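As C-alpha cells, the structure follows; a few thoughts come after it.
The values are calculated or read from the model by the stated rules, or taken from the named source; none is laboratory data. Quick caveat: nothing in here was measured; it's all calculated off a predicted structure. Methodologically, a virtual Cβ is constructed for each residue, glycine included, from the backbone with ideal geometry; neighbour enumeration extends over all protein chains shown.
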Amino acid sequence: MILKKIMPVFLFMIILVLAGCADKSQPVSGITKEATDTIKKVSNKYGDSTSQIIKAKRIEAEVTKEPMYFVSLKGNFRKGELTATCLEFSVLANGKRVWALRALNDANETIWEEMKSDVEVATKSLYFSGGMLTSANSEFPKSDME
C-alpha cells in the first residue's frame with residue numbers, strides 16, 4: 001500500500017530529472033536550430049548565457065523574402081559599463097545574419113545599438129559587417145567579414 005503511494009511520486013521525480021538533463025541545444029519551439037544557436041551566441045556575447053527568448057516572431061525579409069525572426073531576449077546583458085535587461089534583433093532563419101541589435105533597460109529605453117561594421121560578435125565565427133552579423137562559414141565573401 002505504501003509502495004502504491006510512493007511509486008507515482010518516484011516516477012514524477014525521475015521525469016523531472018530527465019527533463020532537466022535534456023539537450024540544451026534544442027531549438028525553441030517554432031525556431032530553427034540554426035537561428036537558436038545564433039541567438040545563444042549573441043546572448044553569450046553580451047554576457048548572459050541563460051537569457052530567455054520572450055518573443056520570436058517569424059517574418060520574411062522584405063527584399064529577398066528569406067524567412068527570419070524578430071527576437072526579444074530577457075536577461076542581464078553588458079557592453080562595457082552599460083547594462084540592459086532586454087536585447088532585440090533580427091536573425092535569418094538559417095542563422096547566418098543578425099542585424100538591428102538594440103539593448104533596452106526595464107523602462108524600455110535604448111541603452112545601445114549595434115549597427116557598426118567590424119564589431120566581432122559572440123565567437124570568432126560571427127562578425128558585424130555593414131550593420132549585419134555575418135557567419136564566417138556562410139556564403140558571403142571573406143572581405144565582408146574583415
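The condition of being surrounded by 15 or more Cβ atoms within 10 Å (Cβ to Cβ), at positive phi and modelled with pLDDT under 95 holds for only one of G95, G30, that being G95.
Does A100 count as outside any loop (DSSP other than H, G, I, E, B), surrounded by 14 or more Cβ atoms within 10 Å (Cβ to Cβ) and either modelled with pLDDT under 95 or touching a helix residue (DSSP H, G or I) at 6+ places or on another chain (Cβ under 8 Å) (or both)? Considered against the rule, which asks whether it is outside any loop (DSSP other than H, G, I, E, B), surrounded by 14 or more Cβ atoms within 10 Å (Cβ to Cβ) and either modelled with pLDDT under 95 or touching a helix residue (DSSP H, G or I) at 6+ places or on another chain (Cβ under 8 Å) (or both), A100 comes out as yes.
Looking across region 60-77, just one residue is at pLDDT 95 or above and loosely packed, with under 13 Cβ neighbours inside 10 Å, and that is N76. Look at region 50-79: where a residue is within 15 Å of K96 (Cα to Cα) and a partner is small (G, A, S), sitting 6+ places away or on another chain with Cβ atoms under 6 Å, you get P67/A93; M68/A61; M68/S90; M68/A93; Y69/A35; Y69/A56; F70/S90; V71/A56.
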